[in-house]
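Reading through the structure tokens given below for one structure.
The values are calculated or read from the model by the stated rules, or taken from the named source; none is laboratory data. Computed from a prediction, not measured in an experiment: that's the story for all the values here. Note: ideal-geometry Cβ built from the backbone for every residue, glycine included; neighbour counts use all protein chains shown. Heads up: the accessible areas ignore ligands, DNA and RNA and are worked out on the full protein's heavy atoms, side chains in. Shrake-Rupley method; radii C 1.70, N 1.55, O 1.52, S 1.80 Å.
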Amino acid sequence: MAMSVAPPVQKPGNMAGSGWPRRNSQGTANNFDGNKFPPNPALTINRTINLYPLTNYIFGTKEPLFEKDPSVPARFQRMRDEFERIGMRRSVEGVLLVHEHGLHHVLLLQLGTTFFKLPGGELAPGEDEVEGLKRLLTETLGRQDGVKQEWLVEDIIGNWWRPNFEPPQYPYVPPHITRPKEHKKLFLVQLPEKALFAVPKNYKLVAAPLCELYDNSQGYGPIISSLPQALCRFNFIYM
């Protein structure tokens, strides 16, 4: 909740040096008694991401990649069991972008006719997030000819939490939840100009335009449908 701060009350007879903002000897205003915010060397105001056409990429196939759990109830039962032993589950997903017909597209894995997901998955206990995402991307889309796939992880674009052993996830931790059951991070991945991907046979890789994802949680779920808002802070260049 945003809070407003009232300026200090000025006392009669001492108006020159009191009140907000503070003024220096030259009469100019300085915030925080003359202290200025130091520059943040890690802050980049304008982030630019290159988008390459979908036709630059070749998509082959490889052996099926099956989920660890045979059903949704089994997935949450495993999450309960692991939560007792190692605590909150950590998972990461990659957002891979291309362009086609003058529109940004997100690469999604489609299973069946109605289920879509971002490439990624669970981290091992103590595993680094970025290195874990690279591992998972290689397992999911990595080529099969022995050439090492390079993944450039650019930035975090979202944090989602699962408060209970249930499907709903939120972009915040509800105030009554002290121990979330899962923390999922979304990372923007800069694709190279050209690449070869291998897609598991039981999945189909689709390129979904942002305009189709926007406000479409019914079709893609709350996380994927929020990507247009999460990505709007970047500058994209069509190459």
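The condition of being closer than 24 Å to Asn164 by Cα, of a type in the set (Asp, Glu) and within 14 Å of the chain's Cα centre (by Cα) holds for Glu93. Just to be sure before I move on: is Val199 at negative phi and open to solvent by 30 Å² or more (accessible area, probe 1.4 Å) in the structure I sent? Against the criterion (at negative phi and open to solvent by 30 Å² or more (accessible area, probe 1.4 Å)), Val199 does not qualify. Selection of first residues in region 80-101 that are over 19 Å from Glu129 (Cβ atoms) and of second residues that are open to solvent by 10 Å² or more (accessible area, probe 1.4 Å) and assigned to a helix (DSSP H, G or I), restricted to Cβ pairs under 8 Å at least 6 apart or on distinct chains, gives the following pairs, ordered by first then second residue: Val98/Leu54; Val98/Asn56; His99/Leu54; Glu100/Leu54; Glu100/Thr55. For first residues located in region 224-237 and without any contact (Cβ under 8 Å) to a residue 24 or more places away in the chain, partners that are open to solvent by 50 Å² or more (accessible area, probe 1.4 Å) and among the acidic types (Asp, Glu) and lie 6+ apart or on another chain with Cβ distances below 8 Å form the pairs Ser225/Asp215. Checked against the criterion of being modelled with pLDDT of 95 or more and of a type in the set (A, V, I, L, M), the candidates Leu196, Leu186 yield just one match: Leu186. For region 230-239, the set of residues classified as surrounded by 15 or more Cβ atoms within 10 Å (Cβ to Cβ) and either under 12 Å from the mean Cα position of the chain (by Cα) or not hydrophobic (A, V, I, L, M, F, W, C) (or both) consists of Ala230, Leu231, listed by residue number.
Okay, residues lined up against (1) among the acidic types (Asp, Glu); (2) within 20 Å of Leu231 (Cα to Cα); (3) modelled with pLDDT of 95 or more:
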site: Glu93; (1), (2), (3): yes, yes, yes
site: Leu97; (1), (2), (3): no, yes, yes
site: Leu109; (1), (2), (3): no, yes, yes
site: Gly112; (1), (2), (3): no, no, no
site: Gly120; (1), (2), (3): no, yes, yes
site: Asp128; (1), (2), (3): yes, no, yes
site: Glu131; (1), (2), (3): yes, no, yes
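Among the conditions (1) touching a Phe, Trp or Tyr at 6+ places or on another chain (Cβ under 9 Å); (2) open to solvent by less than 30 Å² (accessible area, probe 1.4 Å); (3) of a type in the set (A, V, I, L, M), the only one that Leu136 does not satisfy is (1).
With respect to (1) within 15 Å of Ser226 (Cα to Cα); (2) open to solvent by 30 Å² or more (accessible area, probe 1.4 Å), the lone exception for Ala124 is condition (1). If the condition is being touching a helix residue (DSSP H, G or I) at 6+ places or on another chain (Cβ under 6 Å) and not β-branched (Val, Ile, Thr), then region 90-111 contributes Gly94, Glu100, His104.
Looking only at residues in region 184-239 that are in contact with a Lys or Arg (Cβ under 9 Å, 6 or more places away or on another chain) and charged (D, E, K, R), which one is farthest from Thr114 (Cα to Cα)? Among residues in region 184-239 that are in contact with a Lys or Arg (Cβ under 9 Å, 6 or more places away or on another chain) and charged (D, E, K, R), the one farthest from Thr114 (Cα to Cα) is Arg233. Scanning region 50-102 for residues that are open to solvent by 30 Å² or more (accessible area, probe 1.4 Å), aliphatic (A, V, I, L, M) and under 14 Å from Leu205 (Cβ atoms) turns up Leu54, Ile58, Leu65. For Arg162, are the conditions met, namely being open to solvent by 60 Å² or more (accessible area, probe 1.4 Å), within 26 Å of Glu82 (Cβ to Cβ) and either of a type in the set (D, E, K, R) or over 16 Å from the mean Cα position of the chain (by Cα) (or both)? No, not satisfied.
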